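Please read the structure below before turning to the comments.
Just so it is clear, none of the values below were taken in a lab; they were calculated from the coordinates. Since we're looking at a predicted model, the values are computed, not measured. FYI the Cβ positions are ideal-geometry reconstructions off the backbone, even for glycines, and counts take in every protein chain you see.
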Amino acid sequence: MSEMMTGKVEALLLSPPDSYLPAKAVEQVEVTWEGLVGDKHAGLTMQANSYQKPYLKGAEIRNVRQISLVSREELEQIAAGLDVLELQAAWVGANMLVSGIPDLTQLPSGSRFYFEGGVGLVVEGENLPCSTAGGAVQEQYPEREGLASQFPKKAIGKRGLVGWVEKPGSIRVGETVQVKLAQDVKS
């Protein structure tokens, strides 16, 4: 059995329904079975889009993208690849910025995040980079042409994770988080 990794919650962000990037920073979030209270991705179900084939676009399916996480270290790598000064979690629509978890995006589906305050999240998979987030990065650096299209290429494998709530509660900035890999989780 391997040891759990420990990280830290650096930032929490919400994107209210019908909002566009960037997300808004908060000090604490309430987490329910549906996700983060007040976030546009909250809900037990969601409408299928092009990523959920073979379902028709708009079909009601289980929401396994209730929350998105990125790592400080991977955002720094993407920024270096884009040759920009910084890349903030809010610009790419993340709900949470963590630090101290090596290769966050490479964690396998089924891995668990256990937060100091008692919340539990289950990793569904990689949050694939998109041109919407690239457009938000482009807005921060208007003098740099082509960042919107470069972002998805530079962020692949580093864009973070999406997941769903296993245990509700609340999460605060500064909390520690323990990560247990999928192969170490007992059913």
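Structure values in brief
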| item | result |
| --- | --- |
| Descending semi-axes in Å of region 78-133, equivalent ellipsoid built from Cα gyration tensor | 23, 13, 12 |
| Loop-located GluC sites (Glu not before Pro) in region 1-82, at most 10 other Cβ atoms within 10 Å (DSSP) | Glu3, Glu27 |
| Within region 1-45: backbone nitrogen closer than 11 Å to the Ala79 label point (7 Å, Cα to C-beta) | none |
| For region 12-112, share of DSSP beta bridges that run antiparallel, in % to the nearest 5 | 75 |
| Taking the chain and dividing mean pair separation by its residue count, relative contact order in percent (alpha carbons under 8 Å, at least six apart) | 31 |
| Qualifying trypsin sites (Lys or Arg not before Pro) in region 28-125, DSSP loop, other Cβ atoms within 10 Å at most 12 | Lys57 |
| Segment Tyr141-Asp18, length gained on full extension (0.36 nm per residue, minus Cα span) | 41.9 nm |
| Estimated 222 nm signal from helices in the chain, with DSSP H stretches of n ≥ 4 weighted -39500 (n - 2.57), rounded to 500 | -4500 deg cm²/dmol |
| Magnitude of the charge dipole, the chain, Cβ model with Lys/Arg +1 and Asp/Glu -1, debye to 20 | 520 |
| Alpha-carbon radius of gyration plus Dmax, which is the widest Cα pair, for region 22-142 in Å | 15.1, 41 |
